[in-house]
Amino acid sequence: TRMPLQLFLGYGIVLLLGVLAAGKIQGILVTQQEYNKRLQQDIKNFVAVDPETGFDNEMRMRLTLNEEMRRADRYHHTFTFILLKLENYSQFKKLYGMKEANNLWKQLALRITGKLRHIDKKFRYQQNEIGLLLTETSDASIDIIYQKLDDILKNHQLLNGKWITLQYKTSYITYTPNSERTLDELLGEMEREMRTSEL
């Protein structure tokens, strides 16, 4: 039997509307997926910044150091990476409280940022550790760098105006091209070589 013309036309229109609707829905889903990706990236970028210091966190530090190692290998450059571990930080928090602890990191971050070059990178590695990536820097100037850091970080003023002296453990590596060591090996070596000293 033949399909009546009106029914055939009606069926065609419904089919066409279905195709258009499916295309519209597909477009909405693609747009939503792109939005979700951007949102996830925004969240990732936000989380990658330490709220107390404004420095990049450990995840960003590892990415940046791996990139810098590859760049050093490719262009035969050297860089120096310094770890500063604040001594007795748990006791500081117990004695002075979180408000003072937050103020401490804020002040340390401001002083470090003011002293380093704009091309250097700063990281909040662990709760009480800061990492400093000094690009295009050899270990020939490490004593001068330590002295500059000591001048700005040793003395800290509390919110009540009282001054206290801070102590750090320090360690550094100077990366030379094609050293054939992984980042984890370098960080492990630095942690083992931490020493209590004046910067």
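The values are calculated or read from the model by the stated rules, or taken from the named source; none is laboratory data. All of these numbers come straight from a predicted model, not from anything done at the bench. All Cβ positions, even for glycine, are placed from backbone atoms using ideal geometry, and neighbour counts span all protein chains on display. When the accessible area is computed, the model is the full protein with side chains, heavy atoms only, and any ligands, DNA or RNA have been set aside. Shrake-Rupley method; radii C 1.70, N 1.55, O 1.52, S 1.80 Å.
If you count only protein heavy atoms with a 1.4 Å probe, what accessible area per residue comes out for region 75-199, rounded to a whole Å²?
54
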* Max mean-square fluctuation residue, GNM over the chain, Cα-Cα springs under 10 Å, options Leu149, Leu17, Leu133 -> Leu17
* Asked: Using θ = phi - 60° and the Karplus curve 6.51 cos²θ - 1.76 cosθ + 1.60, what whole-Hz ³J(HN,Hα) does each residue of region 65-72 get, with Gly and Pro shown as x?
  -> 5, 4, 5, 5, 5, 5, 5, 5
* Where is the GNM fluctuation largest for the chain (alpha-carbon springs, 10 angstrom cutoff): Glu185, Glu129, Glu34? -> Glu34
* **Within the accessible area of the chain (1.4 Å probe), percent carbon and sulfur** => 55
* **Cα-based shape type of region 38-182, given that a ≥ b ≥ c are square roots of the gyration tensor eigenvalues and the cut on a/c is 1.5** => oblate
* To do: Output the pairs from Lys93/Lys121; Lys122/Lys169; Lys106/Lys162; Lys37/Lys121 with a Cα-Cα distance over 19 Å in this structure; if there are none, say none.
  => Lys93/Lys121; Lys37/Lys121
* Ordered by residue, what ³J(HN,Hα) values in Hz, to whole numbers, does region 121-137 give under the Karplus form 6.51 cos²θ - 1.76 cosθ + 1.60, where θ = phi - 60° and Gly and Pro are x? -> 10, 10, 9, 8, 6, 10, 4, 10, 10, 10, x, 10, 9, 9, 6, 6, 10
* Structure fact -> Quick calc: nm separation of the 7 Å Cα→Cβ label points for Ile152 and Thr182 -> 3.4
* Asked: Given the Cα-Cα distance of Lys106 and Leu16 and 0.36 nm per residue of separation, how much length would full extension add, in nm?
  -> 26.2 nm
* Specify the residue with the greatest mean-square fluctuation among Met69, Met98, Met61, computed from a Gaussian network of the chain linking alpha-carbon atoms under 10 Å apart. => Met98
* Report the full-extension gain for the segment Lys162 to Leu29: residue separation times 0.36 nm, less the Cα-Cα distance, to one decimal in nm. => 42.0 nm
